[in-house]
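Visitor: Shown below is the structure under consideration.
The values are calculated or read from the model by the stated rules, or taken from the named source; none is laboratory data. Computed from a prediction, not measured in an experiment: that's the story for all the values here. In this analysis, Cβ positions are derived from the backbone assuming ideal geometry, glycine residues included, and neighbour counts consider all displayed protein chains.
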Amino acid sequence: MLNQLRINTTKYGAITLTNLQNQLAYVWDVAGRSAMIVFFMFIFTKLWTAVYESQGTTAIAGLTLANTIWYFLIAEVMELGKPRHDVRISEEVKDGSIAYTMARPYNYLLYQFANGIGEAGVRMLLVFLLGAPVVIYYAGLPTVAVGHLPAVLLVVALAILLDFCVFSIIGLLAFVTEDIFSFRLIYQKLVFILGGLMIPLDFLPDWLQSIARVLPFSLTTYAPAKLFVAFDAAQFRQIVVTQLIWLVIIGAVLYRQYRWAARRLVVNGG
């Protein structure tokens, strides 16, 4: 069993490394697509500066203006760094190549995850590096303690895994609908509103906060961004527990959906 684990780790690690090298080979192309973060952060900075000035306060719901600006950078890093494997799955279903990719000697979803991690790592780093100068100019350096970074990175890792499971479910819906654009759009809008991408959950009405905090959407965007700017040990524990619960639920749905898709592929012959 340990030998099989070592073989799988080596195999999927090689896939991640290969895609990472591909991304770095075309890093300027990736940087060009990520450069929009500079514009986004400039707009966010001006917008929230006006909001804080109009309120005549230095903090809203416990977040200072600097906290809020840094919050939006981390939220955008999480959003713009997502791998787009659901689109790849849909395209493979449409052109029939899914029959060959799922028959290869690896788990199809693990392959998509290993392949996407290399892409996501480069994109997230570039988005952060391109957006950080704008944020530092207007908000100064982040106040996150170095000792809290491992906890924040754990939440980031679980957020990426949770997001991967959701987008995998969306991608596998292509076996039924072929086109998944509408499902992707619905999920993105839910993250936009209830996930904290448009506005931190702390600024929402209490009743809406209560709903948003127990749904999975905030766990992929709001959670890592909030802990980065205002770490709280109790909130960290609550977020990790909630992430794990949703990973079990969504992971179980994905597992059954993937087995169904594999059987459907065999029956239809690709």
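Visitor: Report whether or not E91 is surrounded by fewer than 17 Cβ atoms within 10 Å (Cβ to Cβ), closer than 29 Å to L194 by Cβ and of a type in the set (D, E).
Guide: Numbers: surrounded by fewer than 17 Cβ atoms within 10 Å (Cβ to Cβ): yes; closer than 29 Å to L194 by Cβ: yes; of a type in the set (D, E): yes.
Against the criterion (surrounded by fewer than 17 Cβ atoms within 10 Å (Cβ to Cβ), closer than 29 Å to L194 by Cβ and of a type in the set (D, E)), E91 qualifies.
Visitor: Turning to a different aspect of this structure: On the given criteria, is W207 part of a helix (DSSP H, G or I) and in contact with a Pro (Cβ under 7 Å, 6 or more places away or on another chain)?
Guide: On the way: part of a helix (DSSP H, G or I): yes; in contact with a Pro (Cβ under 7 Å, 6 or more places away or on another chain): no.
Answer is no for this residue.
Visitor: From the set of residues in segment 94-129 that are surrounded by fewer than 19 Cβ atoms within 10 Å (Cβ to Cβ) and hydrophobic (A, V, I, L, M, F, W, C), which is nearest to T177 (Cα to Cα)?
Guide: A99
Visitor: For V134, state whether it is at pLDDT below 90, more than 24 Å from T10 (Cα to Cα) and touching a helix residue (DSSP H, G or I) at 6+ places or on another chain (Cβ under 8 Å).
Guide: For V134, the condition - at pLDDT below 90, more than 24 Å from T10 (Cα to Cα) and touching a helix residue (DSSP H, G or I) at 6+ places or on another chain (Cβ under 8 Å) - is not met.
Visitor: Hey, another quick one. Report, ordered by the first and then the second residue, all pairs with beta carbons closer than 7 Å, sequence separation of six or more or different chains, a first member in segment 66-89 that is touching a residue at least 60 places away in the same chain (Cβ under 8 Å), and a second member that is part of a loop (DSSP other than H, G, I, E, B) and among the small types (G, A, S).
Guide: A66/G140; N67/A230; A75/G196
Visitor: What pairs come up if the first residue lies in segment 226-254 and is more than 22 Å from F203 (Cα to Cα), the second is in a helix (DSSP H, G or I) and not hydrophobic (A, V, I, L, M, F, W, C), and their beta carbons are under 7 Å apart, counting only those six or more places apart or on different chains?
Guide: Once the first residue is more than 22 Å from F203 (Cα to Cα) and sits in segment 226-254, its partners that are in a helix (DSSP H, G or I) and not hydrophobic (A, V, I, L, M, F, W, C) give L254/S168.
Visitor: Another one. From the list A212, A225, A234, exactly one residue is in a helix (DSSP H, G or I) and in contact with a Ser or Thr (Cβ under 8 Å, 6 or more places away or on another chain). Which is it? Step through it out loud before you land on a result.
Guide: Numbers: A225 fails: in contact with a Ser or Thr (Cβ under 8 Å, 6 or more places away or on another chain); A234 fails: in contact with a Ser or Thr (Cβ under 8 Å, 6 or more places away or on another chain).
Sole residue among the options that is in a helix (DSSP H, G or I) and in contact with a Ser or Thr (Cβ under 8 Å, 6 or more places away or on another chain): A212.
Visitor: Can you find a residue in segment 65-85 that is among the small types (G, A, S), farther than 25 Å from D232 by Cα, at pLDDT 85 or above and out of contact with any Pro (no Cβ under 7 Å at 6 or more places or on another chain)?
Guide: No: zero hits.
Visitor: When you look at F217, is it surrounded by 17 or more Cβ atoms within 10 Å (Cβ to Cβ), of a type outside the set (S, T, N, Q) and either closer than 25 Å to T45 by Cα or out of contact with any helix residue (DSSP H, G or I) (no Cβ under 9 Å at 6 or more places or on another chain) (or both), yes or no?
Guide: Numbers: surrounded by 17 or more Cβ atoms within 10 Å (Cβ to Cβ): yes; of a type outside the set (S, T, N, Q): yes; either closer than 25 Å to T45 by Cα or out of contact with any helix residue (DSSP H, G or I) (no Cβ under 9 Å at 6 or more places or on another chain) (or both): yes.
Criteria met by F217.
Visitor: Based on what the data block shows, is G171 surrounded by 14 or more Cβ atoms within 10 Å (Cβ to Cβ), at positive phi and among the small types (G, A, S)?
Guide: Taking the combined requirement at face value, the residue does not satisfy it.
Visitor: Based on what the data block shows, is A212 surrounded by fewer than 17 Cβ atoms within 10 Å (Cβ to Cβ), closer than 18 Å to Y71 by Cα and either among the polar types (S, T, N, Q) or more than 13 Å from the chain's Cα centre (by Cα) (or both)? Explain how you work it out, then say what you get.
Guide: Details: surrounded by fewer than 17 Cβ atoms within 10 Å (Cβ to Cβ): no; closer than 18 Å to Y71 by Cα: yes; either among the polar types (S, T, N, Q) or more than 13 Å from the chain's Cα centre (by Cα) (or both): yes.
In short, no.
Visitor: Before we move on, is L190 free of Cβ contacts under 8 Å to residues at least 60 places away in the same chain and surrounded by 15 or more Cβ atoms within 10 Å (Cβ to Cβ)?
Guide: Yes.
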